[in-house]
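Input: a single structure, listed below in structure tokens.
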Amino acid sequence: MPLPALDSPRWQNPLRAFAWGMWSVTSTVLTLVLFATYLGIGALAHDTHFSLGWVLASTAFVWAGPAQIILISTLGSGATMVQAAIAVTLSAIRLFPMVVSVLPVVRSPGTKRRHLILVTHFIAVTLWVESLRLLPRVPRERRIAFTHGLGCGLVSVCLVATALGYGLAARLPQLFGAAILLLTPLAFLLSTARN
């Protein structure tokens, strides 16, 4: 479903902008890459003896595949929470330039900082690439709602994939799970080059 024209009256409803953001998840191959990656993350969490609830919370709150892999592998190897938090924080620094490049595109002159908190949480490589592709076609006053929808859609896909990967872990060969995790950097490299 293509987005309506910038001057369309259909953009007047923020819930509709949110829904178009969620629907936009279906318009990118990166959704499939995320799905495959989070299958691998769910399998990794299962193999390192974390509970399904723990890995689902990690997916919702950490929300960056590489950071989750770091978190699971450091805690799974016996590191302390402080050591894992430092490692995840250091890996998150790479997202700062993406946040800095997306926020000016999302915000309008009257935007309050509190309205950008969830947008900032959702910014990872996939949302960054898709925001740069889609936001120019969204009216500025609906970009926050649209980005919330896009982020919620991407996180929902990842939550489903994490649960499936966790459940399939006993059936997936470990080499297959590792190969799935390799798809992420390759897909992001190709998508960034394309855009």
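The values are calculated or read from the model by the stated rules, or taken from the named source; none is laboratory data. Just so it is clear, the structure is predicted and the values come from calculations on it, not from any experiment. Cβ: placed from backbone, ideal geometry, glycine included. Neighbour counts: every protein chain shown.
Looking across 63, 20, one residue alone is touching a residue at least 60 places away in the same chain (Cβ under 8 Å), within 21 Å of the chain's Cα centre (by Cα) and not in a helix (DSSP H, G or I). It is 63. All conditions in (1) surrounded by fewer than 21 Cβ atoms within 10 Å (Cβ to Cβ); (2) at pLDDT 90 or above hold for residue 145, with the sole exception of (1). All conditions in (1) within 23 Å of residue 171 (Cα to Cα); (2) surrounded by fewer than 21 Cβ atoms within 10 Å (Cβ to Cβ); (3) in contact with a helix residue (DSSP H, G or I) (Cβ under 6 Å, 6 or more places away or on another chain) hold for residue 38, with the sole exception of (2). Given the conditions (1) in contact with a Gly (Cβ under 8 Å, 6 or more places away or on another chain); (2) without any contact (Cβ under 8 Å) to a residue 40 or more places away in the chain; (3) surrounded by 16 or more Cβ atoms within 10 Å (Cβ to Cβ), report the number of the one that residue 49 does not fulfil. Unmet condition: (3).
Applying a threshold of 7 Å to beta carbon distances and a minimum spacing of six or more residues, or different chains, the list of pairs starting in region 83-103 at a residue that is under 20 Å from residue 126 (Cβ atoms) and ending at one that is β-branched (Val, Ile, Thr) and outside any helix (DSSP H, G or I) reads 88/62; 95/123; 98/123; 99/123; 102/123. Looking across region 112-131 at every residue that is touching a residue at least 40 places away in the same chain (Cβ under 8 Å) and not polar (S, T, N, Q), the one that is farthest from residue 3 (Cα to Cα) is identified as 121. Beta carbons closer than 8 Å, at least 6 apart along the sequence or on distinct chains, pair a first residue in region 136-161 that is closer than 19 Å to residue 2 by Cβ with a second that is aromatic (Phe, Trp, Tyr) and surrounded by fewer than 19 Cβ atoms within 10 Å (Cβ to Cβ) for 149/23; 153/23. Given the condition modelled with pLDDT of 95 or more, within 15 Å of the chain's Cα centre (by Cα) and among the aliphatic types (A, V, I, L, M), answer yes or no: does some residue in region 166-183 qualify? No, there is no match, as no residue in region 166-183 is modelled with pLDDT of 95 or more, within 15 Å of the chain's Cα centre (by Cα) and among the aliphatic types (A, V, I, L, M).
For residue 154, indicate whether it is within 12 Å of the chain's Cα centre (by Cα), surrounded by 17 or more Cβ atoms within 10 Å (Cβ to Cβ), part of a helix (DSSP H, G or I) and modelled with pLDDT of 95 or more. Taking the combined requirement at face value, the residue satisfies it.
Answer yes if at least one residue in region 45-52 is over 18 Å from residue 175 (Cα atoms) and among the hydrophobic types (A, V, I, L, M, F, W, C), and no otherwise. Among the residues of region 45-52, at least one is over 18 Å from residue 175 (Cα atoms) and among the hydrophobic types (A, V, I, L, M, F, W, C), which makes the answer yes.
Could you list all residues from region 5-17 that are surrounded by fewer than 20 Cβ atoms within 10 Å (Cβ to Cβ), hydrophobic (A, V, I, L, M, F, W, C) and part of a helix (DSSP H, G or I)? Answer for region 5-17, where residues must be surrounded by fewer than 20 Cβ atoms within 10 Å (Cβ to Cβ), hydrophobic (A, V, I, L, M, F, W, C) and part of a helix (DSSP H, G or I): just 15. Taken as a whole, the structure places residue 31 among residues that are closer than 30 Å to residue 138 by Cα and either assigned to a helix (DSSP H, G or I) or at pLDDT 90 or above (or both).
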